[in-house]
Structure formats: C-alpha cells, structure tokens
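K.L.:
I have a structure here, written as structure tokens, and I will follow up with some questions on it.
The values are calculated or read from the model by the stated rules, or taken from the named source; none is laboratory data. Predicted, not measured: the structure shown is a model, and the values here were computed from it. As a convention, Cβ positions derive from the backbone with ideal geometry for all residues, glycine included, and neighbour counts pool all protein chains shown. Surface accessibility is based on the protein's heavy atoms, side chains included, excluding ligands, DNA and RNA. Shrake-Rupley method; radii C 1.70, N 1.55, O 1.52, S 1.80 Å.
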There are 2 protein chains.
Amino acid sequence: MKVLVVGANGQIGKHLVKQIQDHEDLEARALIRKEEQASYFHDLGAETAIVDLEGEVAAIAKATEGVDAVVFTAGSGPNTGADKTLMIDLDGAVKTMEAAEQAGVKRYVMISSYDTTREAIQSAPESFAPYVVAKHYADEWLRGTNLDHTIIHPGRLTNDEGTGQVAVAPQVDRGDVPREDVARVIVETLANDSTIGKEYQVISGDQSVADAVKAQ
Amino acid sequence: MKVLVVGANGQIGKHLVKQIQDHEDLEARALIRKEEQASYFHDLGAETAIVDLEGEVAAIAKATEGVDAVVFTAGSGPNTGADKTLMIDLDGAVKTMEAAEQAGVKRYVMISSYDTTREAIQSAPESFAPYVVAKHYADEWLRGTNLDHTIIHPGRLTNDEGTGQVAVAPQVDRGDVPREDVARVIVETLANDSTIGKEYQVISGDQSVADAVKAQ
C-alpha cells in the first residue's frame, strides 16, 4: 500500500514516513513544500512530491495519482496567523480530499485535533478558536465526502519518545500523547480497514497500539 | 413577512432594515451586537435582538424564533484579521443557518461576495484569499442545507446613492454597485419565491431591481 503523507515535513509527518518505510506492507510518498526538505525522505527510501497546498487542486491531484491512501497531517503551525489556518488547515485539507477524489484514491486518514465539536469551538480560548473552527469544518467536509475516511483526534502532542502504549476511543479523557505514538496509530489505522468510517481520540495509555486500534 | 437581518448594523444592513420597514408586506428584526446600536432601528419601528455571532447557537436560535426569513449580511469587516473572518464570515454564518433550522425558519438569503469559487480563491491576492475561503465554505454549507436559500454575490460595494438600476445574472462582469441597491435586490429577492435555490451576481446596470430579480 502506497501512502501519500500530506505534511510529511511536520513533526508527526517525519515519524510517520519513517514508520511507513519500516513497515513491510507500506511505502510512503512524502508531500513536501520545498526541494530542500526532500533529502530526509530520500534517505528513508521514500518518494517525494513537491506541492504547495495553497496551489491548484490539479497539482495536488497529480501528486496523489498512484497512491492507495492519503494521510493529512499538515498544519499551518502555531506561529502562523489565522490567515494560514484558513488556507492550510481548512482549504488545504479540503483540496487534498478533492485531489483524492480526482485521483481515484478512496482511503483518507485525517489527523484532526483533540476536540473539533461545536462545543469545543465555544469553549476554546479566543486565540485558539479560529484553529478549532478550521479543523471543525475540515472534519465536517470529510464526513460529507464518499472517501473511506478515518478521523484521528490526538490529545496534547509532545515530543517525548513513544511508548507504543495508548488509549484510543471515540472519547477519552484529555491527556498527552507523543507524536511518535500518534504516527503508530496512523500506521495501524491504515493497516485496518475496520477503522473506515470511524473517528477516535488518542492519548497515552496502557494498551498496545495494535490492540487499541483494532478494538475500534 | 418578518425578516431577521443578521448584521443589521453594517452598511448594507442599515439600508436593508430601512427598506424593509418602508415595504408594506415586510417588517424587520435587527440582529445587533450591542445595546447602543439599537436606537437607529427602534427609530425605524423595527424590533431588535442583541446576540453575539461568536456565542452559542441556542441564543441565535432564540433570536430567530418567529421570523419568516433570515438575511445574512454580517461581515467581520476589512479592519479585522483572519481570525474574525473565520469566526464571523464562516462559523457565524453557519451558526445562523443552524439557528434557522432549529427555529423552523426555511427562507435564508446569504449576502456573499462577488466570486467565491475555487478559482477565485486561487486568483485572489494573498491578503484577500482567507476572506474568499471563509465565504466559499459558508456558501457551500448553505447549498448543502435544506433551507430555501438564495445567494447574492454583489460586485464592488460603494456608498454612492442607489439608482435602482442594476444588472443581475448568475455571471455579470465585474463592476461597482451601491450598497443601497444591494439592499433593494435583497428586498426584491425576499418578495419573490422564484429566487429560491438561485444565486446571482449584482452590479449597477440598466434594469429596474424588480425586473432584474424577477428575471432570475
């Protein structure tokens, strides 16, 4: 199974491409924005495609051709403004869904945020609310497509080393989770078609990633 | 017919409430954000309801009860950032649609911008693109509801006195249009159920508003 990783150069993305390349049934195509980001992925033996998510859907669709699944783990990042949140987290995400449809790719895994419900928008601090709005509508858009989708809602992301032990459920308590373990959950999600149509929150816990994902 | 005007204190909104109050078959309820904005509308004999579009849907739904139509002409304005664009032009708009559904109001008229297509997003200047994205998704959301909707796409808005002469069609050339004439097009749209399910651009032209809208 070939997997297009959108946002490959991000912190989850880099873990994810490495883990995909280490997996015997998976291979990655890293979607990146700049040529100078490519060497990390080439060193892992992964393909790369250079595409700007603010660009045309046609270019994203071209980069999507020939893969079996798309993982969206791009983010405008905490240091950009709400303008980039709109352009990347919402519009960029929807464009990758349209690109998947155009390229005939059915499987789509969205890395959302912990809680993107209407209630989460209302209770978010003012500075964070626009991000939740963008992720809310990206998730809603995905639910309305015919793509075979899974939506993963990780807790507070850390750069701690992964433990491989998580708690996964439609609703789990708020908690931390290493980005490395989120990547493991994504890999296991790709490997289990039973996750199609599901969405779940992920934090650190006491179940192996394989067991936790299979139980969804 | 009682009409909830969302964004009544805006530049189109003020014209619109006045014209609705002058119309024998229509009356307005002005949705405003602050008590001190109310006197203008009370002087016109219009009801007011004070609601923050960043607040709960339930509060917006309560303010929507008992009207026959909703007009969305709110905008975060040119002097706010993309955060308010996300919160008002996209999420605020969608919340008024949900509020209309909850209050059992079927008729909904959206004042969009001139061009909210995917192509318009791509060709917009970088500073303007987030606004187009927000309006694009608000329009898309409305199209996906069961509301009896009309989407009006005005050209470049001016504060010139209205002439009552416009050009209205699904696609018209780029051009100016006084806000006062946009308000007239909204009133005529409310008065003509044949406009349900339609969307059209509006600029100044040489047809009376009544004839131009009836021809849609």
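K.L.:
Of all the accessible heavy-atom surface of the range A:2-152, with the other protein chains kept in place and a 1.4 Å probe, what percent is carbon and sulfur?
P.N.:
With neighbouring chains kept in place, the figure for the range A:2-152 is 45 percent.
K.L.:
Where a ≥ b ≥ c are the square roots of the eigenvalues of the C-alpha gyration tensor, would you call the range A:110-211 rounded, which needs a/c under 1.5, or, failing that, prolate if a/b is larger than b/c, or oblate?
P.N.:
oblate
K.L.:
Can you tell me the mean projection area, over all orientations, of the convex hull of the range B:2-152's alpha carbons? Units nm², please.
P.N.:
For the range B:2-152, the mean projected area of the Cα convex hull comes to 8.5 nm².
K.L.:
Another question, if that's okay. Within the P(r) computed for the protein assembly as shown, what percentage of the Cα pairs occupies the region above 36 Å?
P.N.:
33 percent
K.L.:
May I pose another question? What dipole magnitude, in Debye to the nearest 20, does the range A:2-152 give about its Cα centre under +1 on Lys/Arg Cβ and -1 on Asp/Glu Cβ?
P.N.:
80 debye
K.L.:
How far apart are the B:GLY164 label points across copies, placing each 7 Å from Cα toward Cβ, in nm, shortest first?
P.N.:
8.0
K.L.:
Turning to a different aspect of this structure: Please list, in order along the range A:160-176, the HN-Hα scalar couplings obtained from phi with the Karplus expression 6.51 cos²θ - 1.76 cosθ + 1.60 (θ = phi - 60°), rounded to whole Hz, x for Gly and Pro.
P.N.:
Each residue's phi maps through the Karplus curve to give 4, 4, x, 9, x, 10, 9, 10, 10, 6, x, 9, 10, 4, 4, x, 7 Hz.
K.L.:
What's the local net charge at B:LYS198, with K and R +1, D and E -1, over the other residues with C-beta under 14 Å away?
P.N.:
-2
K.L.:
Then there is this: Tell me: how much accessible area in total is hidden between B and A, 1.4 Å probe, Å², nearest 100?
P.N.:
2000 Å²
K.L.:
While we're looking at this one, here's another question. Suppose we consider the axis relating copy A to copy B; can you name the residue of A with the nearest Cβ and state that distance in angstrom as an integer?
P.N.:
A:ALA82, 2
K.L.:
Sticking with this structure for a sec: Per residue, how many Å² of accessible area does the range A:27-131 show with a 1.4 Å probe?
P.N.:
Roughly 42 Å² per residue, with all protein chains present.
K.L.:
Could I ask something else about it? List the extent of the Cα atoms of the range B:85-136 along each of their three principal axes, largest first, rounded to whole Å.
P.N.:
So the three principal-axis extents are 39, 19, 13 Å.
K.L.:
With only Lys, Arg, Asp and Glu charged, each at its Cβ (+1 for the first two, -1 for the last two), find how big the charge dipole of the protein assembly as shown is about the Cα centre; round to the nearest 20 debye.
P.N.:
Charge dipole, the protein assembly as shown, about its Cα centre: 100 debye, nearest 20.
K.L.:
Between the alpha-carbon centers of the range A:6-43 and the range A:163-215, tell me the distance in whole angstrom.
P.N.:
Between the Cα centre of the range A:6-43 and that of the range A:163-215, the gap is 20 Å.
K.L.:
Residues of the range B:116-135 that become at least 30 Å² less accessible with every protein chain present than in their own chain isolated, using 1.4 Å: which are they?
P.N.:
At a threshold of 30 Å² (probe 1.4 Å), the residues of the range B:116-135 that become less exposed are B:ARG118, B:GLN122, B:GLU126, B:PRO130, B:VAL133.
K.L.:
Along Cα→Cβ at 7 Å, what distances in nm separate the B:ASP43 label point from those on the other copies, shortest first?
P.N.:
Shortest to longest, the spacings are 7.0 nm.
K.L.:
Starting from the Cα gyration tensor of the range B:67-106, multiply each eigenvalue by 5, take the square root, and state the resulting semi-axes largest first in whole Å.
P.N.:
Value: 23, 10, 4 Å, ordered largest first.
K.L.:
Also, quick follow-up: Could you work out the local net charge near A:GLY10, counting Lys and Arg as +1, Asp and Glu as -1, over the other residues with Cβ closer than 11 Å to its Cβ?
P.N.:
In short, +3.
K.L.:
Then there's this: From the helices alone, meaning DSSP H stretches of at least four residues, give me the mean residue ellipticity at 222 nm for chain B, per-run term -39500 (n - 2.57), in deg cm²/dmol to the nearest 500.
P.N.:
About -10000 deg cm²/dmol.
K.L.:
How many nanometers, to one decimal and shortest first, lie between the label point of A:GLU54 and those of its other copies, if labels sit 7 Å from Cα toward Cβ?
P.N.:
Spelled out, the distances from A:GLU54's label point are 2.5 nm.
K.L.:
Moving on to the next point. List the trypsin sites (Lys or Arg not before Pro) within the range B:99-128 that DSSP assigns to loop and that have no more than 16 neighbouring Cβ atoms inside 10 Å.
P.N.:
B:LYS106
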